[in-house]
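Structure in structure tokens, see below.
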Amino acid sequence: MPHQALQEIVCCLGQPVAGNPTQYMMEKAFVAAGLDWRYLTLEVPADKLTDAVRGLRAMGFRGANFTIPHKVAVIPLLDSLSPAAELMGAVNCVKRDGAKLLGENTDGKGFVQSLRSLLDPSGKRIAILGSGGAARAIAVELGLSGAAEIVIVNRTVGRGQDLVSLLNDKVKVNSRLVHWKGDFEVPAEIDVLINATSIGLGDAQAQVPVDVATLRNELVVADVIFNPPRTKLIRDAEGRGCRTLDGLGMLVNQAVIGFKIWTGVDPDPEVMRDALEEFLNI
Ligand SMILES: NC(=O)c1ccc[n+]([C@@H]2O[C@H](COP(=O)([O-])OP(=O)(O)OC[C@H]3O[C@@H](n4cnc5c(N)ncnc54)[C@H](OP(=O)(O)O)[C@@H]3O)[C@@H](O)[C@H]2O)c1
């Protein structure tokens with residue numbers, strides 16, 4: 001690969017950010033695409049975000065990923081937002097275009113791209129467990145992709161209701177809230193069940209409160225948890241004959257989308273998936 005004196009630089013800003021696998025995936029994909037680019041992982045506390053974004057501008061970084069706790073706080077520091085990022089009120093990917101910083105959200109787009117390998121969400125009835133950042137991003141993109149109904153299942157009513165109102169009023173998709181108490185019984189008309197909570201993160205035995213007997217074999221069951229990828233929910237769903245999607249697909253597809261946003265080049269998704277599995281030792 002030709003080496004230039006100055007490389008193009010993108011980065012990830014978050015805290016805590018150690019152990020984030022994106023740098024490993026991106027750098028393998030840059031090499032495979034013949035691009036002399038660099039991806040830095042940078043630990044930035046909340047009270048230094050403004051300085052950090054000023055630094056990105058000053059040093060001409062081509063773009064950045066923003067992760068916890070910066071996804072919302074970064075918005076006033078940007079010049080414009082994509083329609084989806086505006087609806088979600090959160091940004092995880094920024095592209096520099098000349099002197100302007102443009103905010104996008106690839107969380108939900110990565111999920112929908114992964115889901116499309118099994119089914120087209122258009123016209124489908126979807127139940128989402130959780131109402132945090134991941135659930136919000138996924139729900140908005142599924143609504144924009146033509147889902148017929150989105151049922152939000154959440155333990156905290158206020159947060160769940162905020163998401164339902166956003167979906168009904170702004171995204172214009174039919175949505176209702178189920179207050180999550182005890183095991184959720186998946187209604188017979190649901191086509192796709194998504195765990196978008198943090199239950200299962202770092203714990204392969206953690207039980208998502210769902211009545212396993214209601215997992216019909218026509219259901220697609222997806223989990224956003226990627227470490228470990230074979231969560232208890234995914235194993236239970238497979239045991240019931242459901243088609244399943246682990247969280248690795250969402251993560252890889254987000255990286256694929258971010259790579260294209262920054263470089264204009266389509267990366268090799270296989271290179272990224274292999275890099276992710278190597279990084280996570282799975
Ligand atoms: N695969 C990927 O590419 C990808 C991308 C983004 C995020 N993620 C993963 O997605 C997960 C969620 O991230 P986030 O940013 O959405 O987090 P978040 O904003 O903190 O939201 C977490 C959600 O999980 C719910 N929850 C947590 N523990 C629960 C429990 N014991 N019972 C019922 N509900 C529970 C919370 O409910 P309440 O509202 O009631 O508190 C909330 O709705 C994280 O584990 C993250 O690693 C994966």
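Report, by residue number, each residue of region 10-39 that is touching a helix residue (DSSP H, G or I) at 6+ places or on another chain (Cβ under 7 Å) and under 14 Å from Cys93 (Cα atoms).
Across region 10-39, the qualifying residues are Val10, Cys12, Leu13, Thr22, Met26, Tyr39.
Leu163 - would you say it is within 28 Å of Ser122 (Cβ to Cβ), crowded, with 20+ Cβ neighbours inside 10 Å and near the ligand (Cβ under 10 Å from one of its atoms)?
yes
Being more than 16 Å from the ligand (Cβ to nearest atom) and buried (at least 24 other Cβ atoms within 10 Å of the Cβ), is that true of even one residue in region 70-83?
No.
Determine whether region 89-111 contains at least one residue that is modelled with pLDDT under 95 and surrounded by fewer than 20 Cβ atoms within 10 Å (Cβ to Cβ).
yes
Still on this structure: Can Glu238 be described as without any contact (Cβ under 8 Å) to a residue 40 or more places away in the chain, over 18 Å from Thr106 (Cα atoms) and not aliphatic (A, V, I, L, M)?
yes
Tell me which residues, restricted to region 116-151, are touching a Pro at 6+ places or on another chain (Cβ under 6 Å) and buried (at least 22 other Cβ atoms within 10 Å of the Cβ). Full working, then the answer.
We begin by selecting, within region 116-151, every residue touching a Pro at 6+ places or on another chain (Cβ under 6 Å); these are 142, 145, 147.
Passing the criteria: Leu142, Ala147.
From Glu27, Glu86, Glu43, grab the single residue that is within 30 Å of Asp169 (Cβ to Cβ) and among the acidic types (Asp, Glu).
Glu86
Also, I was wondering about something else. Scan region 40-82 for residues that are touching a Lys or Arg at 6+ places or on another chain (Cβ under 9 Å) and of a type outside the set (Phe, Trp, Tyr) and report the count.
10
Here's something else I'd like to know. Check Val212, Val265 and return the single one that is in the same structural domain as Arg96 (by TED's automatic domain parsing), away from the ligand (no atom under 14 Å from the Cβ) and among the hydrophobic types (A, V, I, L, M, F, W, C).
Numbers: Val212 fails: in the same structural domain as Arg96 (by TED's automatic domain parsing).
Being in the same structural domain as Arg96 (by TED's automatic domain parsing), away from the ligand (no atom under 14 Å from the Cβ) and among the hydrophobic types (A, V, I, L, M, F, W, C) holds for just one of Val212, Val265, which is Val265.
If you don't mind, another one. Being under 16 Å from Phe111 (Cβ atoms), buried (at least 23 other Cβ atoms within 10 Å of the Cβ), more than 11 Å from the ligand (Cβ to nearest atom) and in contact (Cβ under 8 Å) with a residue 12 or more places away in the chain: is that true of Ile225 here? Full working, then the answer.
Values: under 16 Å from Phe111 (Cβ atoms): yes; buried (at least 23 other Cβ atoms within 10 Å of the Cβ): yes; more than 11 Å from the ligand (Cβ to nearest atom): no; in contact (Cβ under 8 Å) with a residue 12 or more places away in the chain: yes.
It is false that Ile225 is under 16 Å from Phe111 (Cβ atoms), buried (at least 23 other Cβ atoms within 10 Å of the Cβ), more than 11 Å from the ligand (Cβ to nearest atom) and in contact (Cβ under 8 Å) with a residue 12 or more places away in the chain.
Looking at region 8-53, which of the residues that are touching a residue at least 24 places away in the same chain (Cβ under 8 Å) and small (Gly, Ala, Ser) is surrounded by the most Cβ atoms within 10 Å (Cβ to Cβ)?
Ala29
Exactly one condition in (1) surrounded by fewer than 16 Cβ atoms within 10 Å (Cβ to Cβ); (2) within 21 Å of Gln254 (Cα to Cα) is false for Arg57; which is it?
Only one criterion in (1) surrounded by fewer than 16 Cβ atoms within 10 Å (Cβ to Cβ); (2) within 21 Å of Gln254 (Cα to Cα) is unmet by Arg57, namely (2).
What tally of residues in region 178-209 results from selecting those that are within 11 Å of Ala127 (Cβ to Cβ) and either within 14 Å of the ligand (Cβ to nearest atom) or in contact with a strand residue (DSSP E or B) (Cβ under 7 Å, 6 or more places away or on another chain) (or both)?
12
The values are calculated or read from the model by the stated rules, or taken from the named source; none is laboratory data. Remember, predicted model here, so these are calculated numbers, not experimental data. Because the Cβ atoms are built from the backbone with ideal geometry, glycine has one as well, and the counts that use them run over all protein chains shown.
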